[in-house]
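Data first, discussion second: the structure below is written as structure tokens.
The values are calculated or read from the model by the stated rules, or taken from the named source; none is laboratory data. Bear in mind the structure is a predicted one, so any value in this text is a computation, not a measurement. Here the Cβ positions follow ideal geometry from the backbone for every residue, glycine too, while neighbour counts run over all protein chains shown. In case anyone asks, the SASA skips ligands and DNA or RNA and just uses the protein heavy atoms, side chains included. Shrake-Rupley method; radii C 1.70, N 1.55, O 1.52, S 1.80 Å.
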Amino acid sequence: MKSIENIPRPLFEIYYFCLSTFLAIIYTYPLITNLSVMFYAFPWDSLGIIWFFWWLKFSCLSDLSLNIHTYLAYPFGHDLRYMPFQYTLNLAGFLLTYFTDEIVAFNVIKLINFPLLALTVYLLIYYLTENKLVSACIGIVYSFAPFHTVQNIAHFANVYWVPLSILFLLKLLKEGGYRNGALFGLFWGLTYVDNAYYAYFIGLLMPIFAIFFLLKNEKRPNILKISFLKTFAVGFLLFSLIVLPMMYPMLKGMFSNRGAKVLSSIGIMRDFSDLFIFSAKPFDYLLPSKHNPFLGWLIPDFGMSPLKGHRYTEHTLYLGWSLILVAAYAFYCSLRTVGGVGVTKENQQSVYLFLVVAIVASILSAPPFIPIGDYQVNLQTREVIAEYKIYLPQYFLYKLFPMFRAYARIGAIVLLAVCVMAAFGLKEILNRINSQKGKYIFLSLFAMVIFVEYAEFPPFRLTKVKEPEVYKWLASQPEQFPIVEYPLGASDDPYTTYEYYFYQRMHKKYLVNGAVKGTPADEFRKEVVDVSKMGTVEKLQGVGVKYILIHKYKYLRGNEYIPLDWLTTPSRDKIFPPEYNDGKIPSLEAVADRLKLVKDFGDTAVYEIIKSH
């Protein structure tokens, strides 16, 4: 143990980053064996992200505009001028795609999430505990916790700047100084650019940190000085400068004469019912998911229970009982006046601070109010109608910030706070073990228990890249022309729209699909959503569509991606939304004289529109 503490910090941190990378490679195996034929994610948001990486490269090489996407929502196009642009992620994705391909780029960024997060958590905890071994252990625990692995499987977690934001917020409050203010603003800004949710949560919790330091008599004068306000202003200025390039397009659109339409098209206004769907429930923190290979079989199907969330991505927040117990031990030690964590007042106060942060963050992760008396739950929207209500802060926050709906994601801060407390507990336990052998035995046992609790291996964590014959054939057609694919799902349907995006990489033809809600293109989509309806083919011909692709299997099976993100059985209307024709292949009898079957690939039939005279 002492030999680890004696390793110079920069060298130790390089070793640690390499070790975390190695663990990520093992954890995601066999991904590393071929980064271009599979990707670490289930097919949902990942399909759209991979497609967008491809589009950045394709549009650059083809000299196409990045403002108006002409290959989607044909003939209207997809207006990207007012969309927030995550320039850090997209720049990394573009460069990696340019020199490799979009699948490799996606996987590399996924893999780097693990060691980068482990390192930043290590830096935060080392600042607090001054113990390399403990900090390294807890950094890996956080990086491979179910919350992070599942968020990474679903999309990009991008939590890695959060620990550094909190680290330099603490340093700013404790020490002041323009350097700390600037670094806090830098990492808070990067957090916003990579994942605005976590920057928002840091902003919500910032008063907790400030109040805590105001209550510390020895630190109060620093915060009350004008110089502190200046340093904080520097931090906020740097935060604004980092965020501005991302948000400028949206702000420009908001204050234009098309402001309302811009807000509608980029999804700023979220439904209030989403606060119930994407909020944390008590058992989310206390029980592992059903995909844990060791403990999952013990977890019952809670259905649409108010005690356990039903969405895999947002409701996998398990803290782990071993981590909770070690954190509880730290709190117990901090209550003592002598010995252990209670020896230094600084350590003691850190435990108290992060306990309060964990409690406040867990409250913020809950639904917008607690029902009292008689209440009913709408099983479709998850909205609660109650006789009496105890309103929680997020109820009011929604009125100010309606774009934020998934408050369950503040579970990342809950977990981080518990990890900080556990670090102090682990440090105290190791201090009480006299022999080096005993310390290694305890850490080995702790690691094994954590692995059993945190293992998350859903069967769909790796998705193999397929090359359907229909898209190979389409790619072989020499001319450029528009196509439309059915079912003609909404813009946020992963099984239709996102998948059609994904395979556009192969055929590179114009797509009628992809209309954003609230736009003229989406109004047109609604007019032609039923391919069997009289007039639909004429409208499609009117915009130049050459081929209609009917994916028969999608109609028959329904949305096969929805169950992947559900911890219970989804209702039929989720599997078969209106665009899926109630699970039946649409009859083309009424329009048979307007269509010619060009190719039947079994699951998919390709029809050519016969030109009317």
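For region 468-592, the residue among 545, 563, 474 whose Cα projects farthest onto the positive side of the dipole built from Cβ charges is 474. For region 556-561, the Karplus equation 6.51 cos²θ - 1.76 cosθ + 1.60, evaluated at θ = phi - 60°, returns couplings of 6, 8, x, 6, 6, 8 Hz by residue, with Gly and Pro reported as x.
222 nm [θ] for the chain, helices only, -39500 (n - 2.57) per DSSP H run of 4+, per residue, to 500?
-17000 deg cm²/dmol
Shown for region 1-139: the carbon plus sulfur share of the solvent-accessible area, taken with all protein chains present and a 1.4 angstrom probe, equals 68%.
Converting phi to 3J(HN,Hα) with the Karplus coefficients 6.51, -1.76 and 1.60 and the offset θ = phi - 60°, region 69-77 yields 8, 7, 8, 10, 6, 4, x, 6, x Hz in sequence order, with x at every glycine or proline.
When only the Cβ of Lys, Arg, Asp and Glu is charged (+1, +1, -1, -1), the dipole of the chain relative to its Cα centre reaches about 1500 debye.
Computed 3J(HN,Hα) for region 423-434, one whole-Hz value per residue from the Karplus formula 6.51 cos²θ - 1.76 cosθ + 1.60 where θ = phi - 60°, is 4, 5, x, 5, 4, 5, 4, 5, 5, 8, 8, 6, glycine and proline marked x. Backbone amide hydrogens, once placed in the peptide plane, bring residue 598 within less than 5 Å of 606, 607, 608, excluding anything fewer than 5 places away on its chain. How tilted is helix 196-215 with respect to the longest principal axis of the chain? Cα atoms for both, answer in degrees (0 to 90, nearest 10). Rounded to the nearest ten degrees, it is 20. Between 0 and 90 degrees, the angle of helix 9-27 with respect to the longest Cα principal axis of the chain falls at about 40 degrees. For residue 68, the amide hydrogen comes within under 5 Å of the amide hydrogens of 80, counting only partners 5 or more places away or on other chains and with H modelled in the peptide plane.
Can you give me the angle between helix 87-99 and the longest principal axis of the chain, using Cα atoms only, in degrees from 0 to 90, rounded to the nearest 10? Approximately 60 degrees, to the nearest 10. Post the alpha-carbon centroid distance, region 169-207 to region 475-504, in whole angstrom. Measuring centre to centre over Cα atoms gives 41 Å. Between amide H atoms placed 1.01 Å from N, distances below 5 Å from residue 38 occur with 465, all of them 5 or more places distant or on a separate chain.
Share of region 429-529's accessible area from carbon and sulfur, percent, 1.4 Å? The C+S portion of the solvent-accessible surface of region 429-529 is 58 percent. Since only 431, 419, 532 are under comparison, the one whose Cα sits farthest along the positive direction of the charge dipole of region 383-539, derived from C-beta charges on Lys, Arg, Asp and Glu, is 431. Protein heavy-atom accessible surface, 1.4 Å probe, per residue over the chain: 43 Å².
Going by the alpha-carbon gyration tensor, a ≥ b ≥ c the square roots of its eigenvalues, is region 391-469 rounded (a/c under 1.5) or, if a/c is not under 1.5, prolate (a/b greater than b/c) versus oblate? Oblate, since a/c reaches 1.5 and b/c is not below a/b. Lys/Arg Cβ at +1, Asp/Glu Cβ at -1, dipole of the chain taken about the Cα centre: which of 113, 233, 246 is farthest positive-ward? Going by the charge dipole, the pick is 233. Reported to the nearest whole Å, the Cα centre-to-centre distance from region 77-131 to region 273-288 is 27. Here region 538-613 has 51 percent of its accessible surface on carbon and sulfur atoms, given a 1.4 Å probe and all protein chains in place.
Run the dipole for region 548-613 about the Cα centre, Lys and Arg Cβ at +1, Asp and Glu Cβ at -1, nothing else charged, and hand back the magnitude in debye, nearest 20.
Details: 10 positive and 10 negative charges, 25 e Å.
So the dipole magnitude of region 548-613 works out to roughly 120 debye.
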